[in-house]
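The values are calculated or read from the model by the stated rules, or taken from the named source; none is laboratory data. Bear in mind the structure is a predicted one, so any value in this text is a computation, not a measurement. All Cβ positions, glycine included, derive from the backbone under ideal geometry; neighbour counts span all protein chains shown.
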Amino acid sequence: MFDSGLAASLALAMVLCAPAASGARAPLPADDSVWITVDADIFASAQRRLAPLPGLAGGVVLEKLDAHAGVVLTRLPAAAIDALAEIVHTEFRRCGGFIRHASRARAEAAMDRLREPRLLPLVLPFTIDQQAWVAALAGQVSEPAILSTITELSTAFPNRYHAHHAVHHSADWIRNLWLSLAAQRPDVTVDFFDHGGLTPQPSVILTIPGSSLPGEIVVLGGHQDSTRFGCSISSNPACVAPGADDDASGIAVLTEVIRVALANGFRPQRTVQFMAYAAEEVGLVGSEDIAATYDAQGKNVVAVLQQDMTAWEGSVQDIYVYTGNTDPELNAFVSDLVETYQPTLGWGSSTCGYACSDHASWWQFGYRASFAFESTFDQSNPYIHSINDTVASFGGSAVHAAKFARLAAAFMVETGLDGVVPPPMPFLDGFETADTSRWTVTIP
């Protein structure tokens, strides 16, 4: 028997996908089909649970169009996406599990890359050698500031579902917050990335341009959308999906790193971009579209760190580096950052299957990506995708999330800088800033 949320999603899918005549199944309209690559176990379950019921019209017939390494290529009506996402959450107790592609060609190309992945150099183009900078920035990470961002995003915008009628409000808020942090840095830009017909929700990208290596790009990302099954298909403004941990906590971590970086005049050699992705909960839509665009434009993304759920302290270790759809060399680098800069913390590894968060979008295009998470997969926050994913669910504290902010700050510095770069100069009276470009006069 279906739970009520899945029943609601599936009911809509059946109505919108019903055959034209009883006993016959109408072909799927070309403009209604969405192409996805999906975990093979999830595909098998969805194939069974979304199938037409005996004697009833409607339902969805999923075809296995291609398969490799535990991933299946298929298509389904857009109206069935919510039902598929709910199957992933209720049966497999996980997020993601599939990637929605903009076209059949893009989905087929993803399968081709699974068979023949891009070969990357074994040696990373950066090392851990910026202790002074990391100490300066990580030491200024503020737990109250992180908690404030989580609270505001999850209460002022309690439904950030990608197709909600007010979805632009939360994206505007993130963009305006990031713009305010960059107010004294004319070189820093904050832009929307529009996803066309894929989703009405835009992604938000803040860019700190690189000085000597601007063509090499470092990405730190998290998703801005939230979901709550059973009401995500409705535009009802009373539907509450706060998403405090999933993933206001990730956006708060990124925001705090932006704050300390710009307040201290951080100017990387490589270009650093912070991304608040759209529509992660319905197939990594925003990150897949951005990664595909960057790949088509030949952009050289050298490292990606995903921040998705950072506030729930559910396991023995503090930080878990996930091994699925990630780069082994970059994972080792992230683990070394924890040991170097937060030596009192414990770290471990876990896995969450195919396409469990936005790092997978970059990984599928052959970019190095890592995913640092709050716990092991089986001990992650049980309140996500519900009305109870609030700051109260993780004790009303950002202590755990602050660990990820310090890690993200270290990641930004160590991937963004090469060689000896002077750290910000301390001024005990607080009168001047460390960013000399803003001084009226400098004396040698």
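What's the total number of residues in segment 417-444 that are more than 11 Å from L137 (Cβ to Cβ) and either in a helix (DSSP H, G or I) or modelled with pLDDT of 60 or more (or both)?
9
In this structure, does S180 turn out to be within 16 Å of V257 (Cβ to Cβ) and surrounded by fewer than 19 Cβ atoms within 10 Å (Cβ to Cβ)?
Values: within 16 Å of V257 (Cβ to Cβ): yes; surrounded by fewer than 19 Cβ atoms within 10 Å (Cβ to Cβ): yes.
Yes.
Please find, among V253, V190, the residue that is outside any helix (DSSP H, G or I), within 29 Å of Q269 (Cα to Cα), at pLDDT 95 or above and outside the structural domain of R106 (by TED's automatic domain parsing). Don't jump to the end; show me each part of the working.
Details: V253 fails: outside any helix (DSSP H, G or I).
Criteria check complete, one pass: V190.
Which condition number in (1) touching a Phe, Trp or Tyr at 6+ places or on another chain (Cβ under 7 Å); (2) in contact (Cβ under 8 Å) with a residue 40 or more places away in the chain; (3) in a helix (DSSP H, G or I) is the one that S335 fails?
For S335, the failing item is (2).
Residues being part of a helix (DSSP H, G or I), among the aromatic types (F, W, Y) and in contact with a strand residue (DSSP E or B) (Cβ under 8 Å, 6 or more places away or on another chain): count how many of those fall in segment 362-410.
Count: 4.
Looking at L114, L147, L122, which one is more than 30 Å from L65 (Cβ to Cβ) and assigned to a helix (DSSP H, G or I)? Break it down into steps so the answer makes sense when it comes.
On the way: L114 fails: more than 30 Å from L65 (Cβ to Cβ); L122 fails: assigned to a helix (DSSP H, G or I).
Of L114, L147, L122, the one residue that is more than 30 Å from L65 (Cβ to Cβ) and assigned to a helix (DSSP H, G or I) is L147.
Kindly indicate the residue of segment 338-359 that is among the aromatic types (F, W, Y) and touching a residue at least 60 places away in the same chain (Cβ under 8 Å) and also surrounded by the most Cβ atoms within 10 Å (Cβ to Cβ) among those meeting that condition.
Of the residues in segment 338-359, the ones among the aromatic types (F, W, Y) are 341, 347, 354.
Filter again for touching a residue at least 60 places away in the same chain (Cβ under 8 Å), leaving 341, 354.
Working: Y341: 20, Y354: 24.
So the residue we want is Y354.
If the requirement is being within 23 Å of S203 (Cα to Cα) and among the basic types (K, R), which of these qualifies: R368, R406? Don't jump to the end; show me each part of the working.
Working: R406 fails: within 23 Å of S203 (Cα to Cα).
One residue alone meets the criteria, R368.
Please specify each residue of segment 265-281 satisfying the condition of being closer than 24 Å to A183 by Cβ, in a loop (DSSP other than H, G, I, E, B) and in contact with a strand residue (DSSP E or B) (Cβ under 9 Å, 6 or more places away or on another chain).
Once the filter is applied, which keeps residues that are closer than 24 Å to A183 by Cβ, in a loop (DSSP other than H, G, I, E, B) and in contact with a strand residue (DSSP E or B) (Cβ under 9 Å, 6 or more places away or on another chain), segment 265-281 yields F266, R267, P268, Q269.
Among the residues of segment 381-391, are any buried (at least 24 other Cβ atoms within 10 Å of the Cβ) and either out of contact with any Ser or Thr (no Cβ under 7 Å at 6 or more places or on another chain) or without any contact (Cβ under 8 Å) to a residue 40 or more places away in the chain (or both)?
Yes, that holds for at least one residue.
Could we say that Q297 is surrounded by fewer than 21 Cβ atoms within 10 Å (Cβ to Cβ) and polar (S, T, N, Q) here? Steps first, please.
Numbers: surrounded by fewer than 21 Cβ atoms within 10 Å (Cβ to Cβ): yes; polar (S, T, N, Q): yes.
Yes, satisfied.
I'd like to verify a number: residues in segment 288-310 that are among the β-branched types (V, I, T), under 16 Å from the mean Cα position of the chain (by Cα) and not in a strand (DSSP E or B), how many?
Adding up the residues that qualify gives 2.
Residues A40, A46, A109, A51: which one is loosely packed, with under 13 Cβ neighbours inside 10 Å and either modelled with pLDDT of 90 or more or among the basic types (K, R) (or both)? Let's see the steps before the verdict.
Values: A40 fails: loosely packed, with under 13 Cβ neighbours inside 10 Å; A46 fails: loosely packed, with under 13 Cβ neighbours inside 10 Å; A109 fails: loosely packed, with under 13 Cβ neighbours inside 10 Å.
So the residue among A40, A46, A109, A51 that is loosely packed, with under 13 Cβ neighbours inside 10 Å and either modelled with pLDDT of 90 or more or among the basic types (K, R) (or both) is A51.
Given the conditions (1) free of Cβ contacts under 8 Å to residues at least 40 places away in the same chain; (2) in the same structural domain as I251 (by TED's automatic domain parsing), report the number of the one that P121 does not fulfil.
With (1) free of Cβ contacts under 8 Å to residues at least 40 places away in the same chain; (2) in the same structural domain as I251 (by TED's automatic domain parsing) applied to P121, the lone miss is (2).
Restricting to segment 82-105, name every residue that is surrounded by fewer than 18 Cβ atoms within 10 Å (Cβ to Cβ) and not β-branched (V, I, T). Reasoning before the result, please.
We begin by selecting, within segment 82-105, every residue surrounded by fewer than 18 Cβ atoms within 10 Å (Cβ to Cβ); these are 90-93, 103-105.
Those that are surrounded by fewer than 18 Cβ atoms within 10 Å (Cβ to Cβ) and not β-branched (V, I, T): E91, F92, R93, S103, R104, A105.
Listed here are the residues, each with its yes/no results for (1) closer than 30 Å to L330 by Cβ; (2) in contact with a helix residue (DSSP H, G or I) (Cβ under 8 Å, 6 or more places away or on another chain); (3) surrounded by fewer than 20 Cβ atoms within 10 Å (Cβ to Cβ).
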| position | (1), (2), (3) |
| --- | --- |
| D129 | yes, yes, yes |
| V134 | yes, yes, no |
| Q140 | yes, yes, yes |
| E143 | yes, yes, yes |
| I146 | yes, yes, no |
| I150 | yes, yes, no |
| D172 | no, no, yes |
| N176 | no, no, yes |
